[in-house]
Structures are given as structure tokens and as C-alpha cells.
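To keep things clear, I will list the structure first and then write my remarks on it.
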Amino acid sequence: MSVEVKVPAVGESISSGVVSVWHKKSGEQVSAGDPLFTLETDKVSTEINADADGVLKTLVAEGAEVKIGDVVATI
């Protein structure tokens, strides 16, 4: 069963951001707590970690703008 990796809320007034860099590649094994990607907004840069163990499948490219709640990968 796959787990969706969603863009978390990082502040009250922030509705979107950019996936600036993937720290793991699609197809790589990840463990819960591993850093997956960095989300850049106009106010903050946040590292997003894995919630589960498994194989990462990225759904958006580096540099893509995403909205809070968007699914950007599965594990």
C-alpha cells in the first residue's frame, strides 16, 4: 500500500511553494524521517521528511510550483 507525500501547511498565509530540490531520487529506498525534498516559499524554506519506509516515486519535477495539500510523491 502506498503512502501519499503531500505538501504540508507551513504558515497561515502561505498557499503554495516550489519543490526546489529532491534529496532522494524516484526509485530510491527511503526510511521514515529521511529528508525527501525542500519546499521553498516566499517566507520560508522547509525540508519535508518521509512519513513511512518504502520506495519513493516522485510525481513533480524540481522547480515545480505546488499548492499546499498537493500530492508530490508516493512511498
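A few notes on this one:
- Given their separation in residues at 0.36 nm each and the Cα-Cα distance between them, residue 28 and residue 53 gain 7.9 nm when the chain is fully extended.
- Between the C-alpha center of the stretch 58-75 and that of the stretch 1-45 there is a gap of 7 Å.
- In the chain, the portion of solvent-accessible area held by carbon and sulfur atoms comes to 47 percent [1.4 Å probe, whole percent, DNA, RNA and ligands not counted].
- Cα-only radius of gyration and Dmax that characterise the chain, units Å: 11.5, 35
- GNM flexibility winner over the chain from 34, 51, 42 (Cα, springs under 10 Å): 42
- For the chain, accessible area per residue (1.4 Å probe, heavy atoms of protein chains only), Å²: 58 Å²
- Within a straight-line Cα-Cα reach of under 16 Å, residue 43 can be paired with the following aspartates and glutamates, leaving aside sequence neighbours fewer than 8 residues apart in one chain: 12, 65.
- Within straight-line cross-link reach of residue 24, lysines at Cα separation under 17 Å, skipping those fewer than 8 residues along the same chain: 6, 57
The values are calculated or read from the model by the stated rules, or taken from the named source; none is laboratory data. Since this is a predicted model, take the numbers as computed values, not measurements. Only protein heavy atoms, including side chains, enter the accessible area calculation; ligands, DNA and RNA are left aside. Shrake-Rupley method; radii C 1.70, N 1.55, O 1.52, S 1.80 Å.
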